[in-house]
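**Q** Before anything else, here's the structure in question.
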Amino acid sequence: MICIDPSFAFAWPPLLLLSDFYTQSLLTMGDEEFSPTASNITIASRNPLALDDLIDFSKKLLNIAYTLLSAEDQTNVQEGKVPGINIKWMGVREKVTKCVQAIHERE
């Protein structure tokens, strides 16, 4: 499986930090702050991602979660650890799934 390849070890810490940060920020952000309507211009958008960026980010996280969910060798997903950080692949799947769910709750 390509995402478990150790050559991608450098990319996992920032990706997981970003997904955790964005999940937490969505929990504290109101709907008006997430995407202010034209009639409510006084409230500034606190969403750090533009809509196109959000769509791309969501797709990438969904692909990661699906790849980890549909892996043939589930033993490696459940027991194996991410290279470079002390987290199991199962934890990665939970974190990215939580972030995707938080994003799609806003749509």
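No value in this document is a laboratory result; all are computed from the given coordinates. All values reported here derive from a predicted model rather than from experimental measurement. Heads up, the Cβs are rebuilt from the backbone with ideal geometry, glycines too, and the neighbour counts pull from every protein chain shown.
**Q** For S35 paired with D53, estimate the spin-label separation in nm (one decimal), with each label point 7 Å from Cα along the Cα-to-Cβ line.
**A** The answer from the label model is 1.6 nm.
**Q** For I85, list long-range residues whose amide hydrogen, built 1.01 Å from N in the peptide plane, is under 5 Å from its own amide hydrogen.
**A** So I85 has HN proximity to no qualifying residue.
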